[in-house]
1. What are the pairs with Cβ atoms under 6 angstrom where one residue, in region 153-165, is at negative phi and within 10 Å of ligand 1 (Cβ to nearest atom) and the other, located anywhere, is basic (Lys, Arg) and assigned to a strand (DSSP E or B)? Sequence gap at least six, or different chains.
2. State whether the residues of region 220-235 include one that is β-branched (Val, Ile, Thr), more than 12 Å from ligand 2 (Cβ to nearest atom) and at negative phi.
3. Cβ contacts < 6 Å: first residue over 17 Å from residue 150 (Cα atoms) and among the polar types (S, T, N, Q), restricted to region 51-79; second residue at pLDDT 95 or above and part of a strand (DSSP E or B), any location; separation 6+ or different chain. Result?
4. Among the listed residues 215, 211, which satisfies the condition of being under 26 Å from residue 55 (Cα atoms), out of contact with any Pro (no Cβ under 6 Å at 6 or more places or on another chain) and either more than 13 Å from ligand 2 (Cβ to nearest atom) or at pLDDT below 95 (or both)?
5. Has region 195-214 got at least one residue that is within 23 Å of residue 90 (Cβ to Cβ) and among the hydrophobic types (A, V, I, L, M, F, W, C)?
6. Restricting attention to region 115-167, which residues are within 16 Å of ligand 2 (Cβ to nearest atom), of a type in the set (Gly, Ala, Ser) and either in contact with a Cys (Cβ under 9 Å, 6 or more places away or on another chain) or modelled with pLDDT of 95 or more (or both)?
7. Please tell me if residue 175 is small (Gly, Ala, Ser) and closer than 21 Å to residue 113 by Cβ.
8. Which of (1) in contact with a Lys or Arg (Cβ under 7 Å, 6 or more places away or on another chain); (2) among the basic types (Lys, Arg); (3) modelled with pLDDT of 90 or more is the odd one out, the single condition residue 91 does not satisfy?
Amino acid sequence: MDQPKVTPIQPPVLNATGQFMDAVAGSDVEPSDYGNAVPAPVSEGWLDQLASGLSESGWMSLDVRERLGDPLITALREEVAILDRTDAMKRAGIGRGTDLVRDRSVRRDRIAWLQGITPPQAQLFDFLKAIQQGLNQRLFLGLKRFEAHYATYHPGDFYKRHLDSFQGRASRVVSLVLYLNEDWSPDDGGALQVFNRDSDSEVCGLVLPEAGRMALFMSEEIPHEVLPANRTRYSLACWFRQDEVPLPL
Ligand SMILES: O=C(O)CCC(=O)C(=O)O
Ligand SMILES: [Fe+2]
């Protein structure tokens, strides 16, 4: 399979104190009253489950709604919904630097990078840090940092089958996607279709982007695709990386 290398357009697109606040100020959507962030509970047993899912099959989907709590999931959805009403969400690209192409035949989502500064993002980042540390302790992956962006897929948008990283580049190692949509039905399309890592024509899972559902997979191994959405689909994607700093452009 001829896999395009998938790398983000220049992070960070979002300037949390400037662009995001402008976005919030310019919207008629009120952000929910999200105070007193409580650290997301990440138990050792739960981290064991993530590590064994990744090491045994390379991917898993799980429900983290209770673990993260509805206020956090709602607050993240409200952030992306507000951003989606502004020009803060940029067309996602494929490639890097001068090779960057925004090929609409491959992917049609729009993205905005998170900086972890707003209270819901800060709480989410604590959760992601705990996962990074837990996976390092169990799988010795040497994950050094993560990057995360919101994504919106409008009706008709998709992301064709791809890998998140090229084998051997040791950059993006583990991918995590958190979905933020209430009452998603199979008729709404937009499922994440996961392929077998050894036979990429074989579908081995379908994940509906329902609020609180999370998909976790090995970035270099698991081909996956976002099927065309029939309604607006909000998600948050994160990559745990082995490099300290982004590769030179
Ligand atoms: O949103 C999803 O289900 C997956 C998105 C994805 O594959 C990506 O952004 O690389
Ligand atoms: Fe992907």
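The values are calculated or read from the model by the stated rules, or taken from the named source; none is laboratory data. Just so you know, these numbers come straight off a predicted model, no measurement behind them. Glycine gets a Cβ as well: all are built from the backbone with ideal geometry, and neighbour counts include every protein chain shown.
1. 153/233; 159/107; 164/172; 165/172
2. So far as region 220-235 goes, yes, one or more of its residues are β-branched (Val, Ile, Thr), more than 12 Å from ligand 2 (Cβ to nearest atom) and at negative phi.
3. Listed pairs, sorted by first residue: 61/207; 61/215.
4. 211
5. No, that holds for no residue.
6. Hits for region 115-167 are 148, 151.
7. yes
8. Just one mismatch for residue 91, condition (3).
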